[in-house]
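The values are calculated or read from the model by the stated rules, or taken from the named source; none is laboratory data. Everything quoted here is computed from the prediction, not taken from an experiment. Heads up, the Cβs are rebuilt from the backbone with ideal geometry, glycines too, and the neighbour counts pull from every protein chain shown. Surface areas here come from the heavy atoms of the whole protein model, side chains and all, with no ligands, DNA or RNA. Shrake-Rupley method; radii C 1.70, N 1.55, O 1.52, S 1.80 Å.
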Amino acid sequence: MSNIFVSNKKNLCGATETHVIVYSDASNVAAGAYTIELNQKVFHSMWKKHEADKNSTRRELHVRGNEQTLVCFQASKTLKWFIDNQTCVRIVQIGSMKMELQRMAMNIFSVCVHKGIIIDIQWIPRQENVKADYIGNIIGYEDWGVTNEFFHL
């Protein structure tokens, strides 16, 4: 019952003041996002092998559901988030019938509730998301690691 009062925050007029504007994209090698604000922030993360093998919607949701990404783009703020994946927008807005995607949507919801973040997510055509697409395709060659077995050896 207490969760209803904590998380049930919608303005009746539907308009909220946007604090940060975010553009993001996920390629098959990495994820990228950036903000439009005075102190522009850029987020880039290479996919691990098991993440890169997932479909594009799952990778796009992973960018939004990553707590590092959301906290990087400021707690207690309203984010206007632009993305070029219509399915991802719909899942963030209403959820999914697929269990894995629903868990990711619930994770996004949970992080936002706990950090006081409101996401106003909106689809844009791919040609309007060029910079985020570029960031999401950067390959970080210095981003490497070794297996636990090799480390222990």
Checklist entry - Pairs under 6 Å by beta carbon, first residue over 19 Å from K80 (Cβ atoms) in segment 100-114, partner open to solvent by less than 50 Å² (accessible area, probe 1.4 Å), six or more apart or different chains? => result L101/I91; Q102/G95; Q102/S96; M104/L61; M104/G65; N107/G65
Checklist outcome for this item: Note on segment 1-41: residues modelled with pLDDT of 80 or more and open to solvent by 70 Å² or more (accessible area, probe 1.4 Å) are N28, I36
Item to check | Every residue from segment 86-126 that is in a helix (DSSP H, G or I), within 18 Å of R58 (Cβ to Cβ) and open to solvent by less than 30 Å² (accessible area, probe 1.4 Å) | outcome: C88, V89, I91, L101, M104, A105, I108, V111
Checklist entry - Which numbered condition trips up V146, out of (1) in contact (Cβ under 8 Å) with a residue 24 or more places away in the chain; (2) hydrophobic (A, V, I, L, M, F, W, C); (3) not in a helix (DSSP H, G or I)? => result (1)
Checklist entry - Would segment 66-73 turn up any residue that is surrounded by 15 or more Cβ atoms within 10 Å (Cβ to Cβ) and at pLDDT 75 or above? => result no
Checklist entry - If you check every pair at least six apart or on different chains, which have Cβ atoms under 7 Å apart with a residue in segment 82-97 that is in contact (Cβ under 8 Å) with a residue 12 or more places away in the chain and among the acidic types (D, E) first and a residue that is open to solvent by 30 Å² or more (accessible area, probe 1.4 Å) and assigned to a helix (DSSP H, G or I) second? => result D84/R126
Next on the checklist: So, V146, is that one of a type in the set (V, I, T) and open to solvent by less than 30 Å² (accessible area, probe 1.4 Å) or not?
Outcome noted: no
